[in-house]
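Below: the structure, in structure tokens.
The values are calculated or read from the model by the stated rules, or taken from the named source; none is laboratory data. Predicted, not measured: the structure shown is a model, and the values here were computed from it. Cβ sites come from the backbone with ideal geometry, for glycine too, and all protein chains shown count toward neighbours. Heads up: the accessible areas ignore ligands, DNA and RNA and are worked out on the full protein's heavy atoms, side chains in. Shrake-Rupley method; radii C 1.70, N 1.55, O 1.52, S 1.80 Å.
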Amino acid sequence: QMRLEESGGGLVQAGGSLRLSCTASARNLSRWVMGWFRQAPGKDREFVAAMNTNIGSTFYAASVKARFTISRDNSKNTVYLQMNTLNPEDTAVYYCAGDPRELIATRADDYDYWGQGTQVTVSS
């Protein structure tokens, strides 16, 4: 059973930046797809970004592409989400997700493991 723990959320002004971290309990994170999702109040959980941690391929939602960057440090079993130029529409609980698969997935149902989430609030 793999556990995921997010950190790095908080309150930031519009135009600011935050970096989220997701640390996994797995002994080897290098052959997983790790993703970030978010859920705003009253809305469905939506895909943000994902990475194949073995080959480093990435995929982003159109709404965050060019502003957010997903990266990993396999030696630390940690995946990051660098978020720049934040705007109030980015306010949500951000969740880290993982699955032992090869192909990047954008559906929440494709991920078996989830963190508890971290709140990101962007003020205008």
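So, of the residues in the stretch 41-53 that are in contact with a helix residue (DSSP H, G or I) (Cβ under 8 Å, 6 or more places away or on another chain) and not hydrophobic (A, V, I, L, M, F, W, C), which turns out to be most open to solvent (accessible area, probe 1.4 Å)? Within the stretch 41-53, the match that is most open to solvent (accessible area, probe 1.4 Å) is ARG45.
Counting only residues that are loosely packed, with under 14 Cβ neighbours inside 10 Å and in contact (Cβ under 8 Å) with a residue 40 or more places away in the chain, which one in the stretch 101-124 is farthest from the chain's Cα centre (by Cα)?
Narrowing the stretch 101-124 to residues loosely packed, with under 14 Cβ neighbours inside 10 Å: 102-103, 107, 109, 112, 116, 119, 123-124.
Pick out the ones that are also in contact (Cβ under 8 Å) with a residue 40 or more places away in the chain and you get 102-103, 107, 116, 119, 123-124.
Values: GLU102: 17, LEU103: 16, ARG107: 13, GLN116: 12, GLN119: 12, SER123: 20, SER124: 23 Å.
Taking the candidates together, the pick is SER124.
Of the residues contained in the stretch 10-17, none is found to be of a type outside the set (Val, Ile, Thr) and under 11 Å from the mean Cα position of the chain (by Cα). Taken together, the criteria exclude VAL64 from residues that are among the β-branched types (Val, Ile, Thr) and either open to solvent by 30 Å² or more (accessible area, probe 1.4 Å) or out of contact with any helix residue (DSSP H, G or I) (no Cβ under 9 Å at 6 or more places or on another chain) (or both).
For PHE59, indicate whether it is within 12 Å of the chain's Cα centre (by Cα) and open to solvent by 60 Å² or more (accessible area, probe 1.4 Å). Criteria met by PHE59.
For the stretch 41-65, a residue qualifies if it is modelled with pLDDT under 95 and among the hydrophobic types (A, V, I, L, M, F, W, C), and exactly one does: ILE55. The numbered conditions (1) in contact with a strand residue (DSSP E or B) (Cβ under 8 Å, 6 or more places away or on another chain); (2) of a type in the set (S, T, N, Q); (3) modelled with pLDDT of 95 or more are all true for THR85 except (1). Only one of the listed residues (ARG72, ARG38) is crowded, with 20+ Cβ neighbours inside 10 Å, within 13 Å of the chain's Cα centre (by Cα), farther than 20 Å from GLN1 by Cβ and modelled with pLDDT of 95 or more. That residue is ARG38.
Select from the stretch 1-35 the residues that are in a strand (DSSP E or B), open to solvent by 50 Å² or more (accessible area, probe 1.4 Å) and of a type in the set (Gly, Ala, Ser) and list them in ascending order.
SER7
Can you tell which of GLY35, GLY42, GLY98, GLY56 is more than 21 Å from GLN13 (Cα to Cα), free of Cβ contacts under 8 Å to residues at least 12 places away in the same chain and of a type outside the set (Ser, Thr, Tyr)? Reasoning before the result, please.
Working: GLY35 fails: free of Cβ contacts under 8 Å to residues at least 12 places away in the same chain; GLY98 fails: free of Cβ contacts under 8 Å to residues at least 12 places away in the same chain; GLY56 fails: free of Cβ contacts under 8 Å to residues at least 12 places away in the same chain.
Step by step, each of GLY35, GLY42, GLY98, GLY56 is checked, and only GLY42 is more than 21 Å from GLN13 (Cα to Cα), free of Cβ contacts under 8 Å to residues at least 12 places away in the same chain and of a type outside the set (Ser, Thr, Tyr).
Just to verify a result, which residue in the stretch 75-89, among those that are at negative phi, over 13 Å from the mean Cα position of the chain (by Cα) and not basic (Lys, Arg), is surrounded by the fewest Cβ atoms within 10 Å (Cβ to Cβ)?
Restricting attention to the stretch 75-89, the residues satisfying the condition of being at negative phi are 75-76, 78-84, 86-89.
The next check asks that each one be over 13 Å from the mean Cα position of the chain (by Cα); those that pass are 75-76, 84, 86-89.
Next cut, not basic (Lys, Arg) only: 75, 84, 86-89.
Details: SER75: 8, ASN84: 14, LEU86: 22, ASN87: 13, PRO88: 11, GLU89: 11.
The extreme case among them is SER75.
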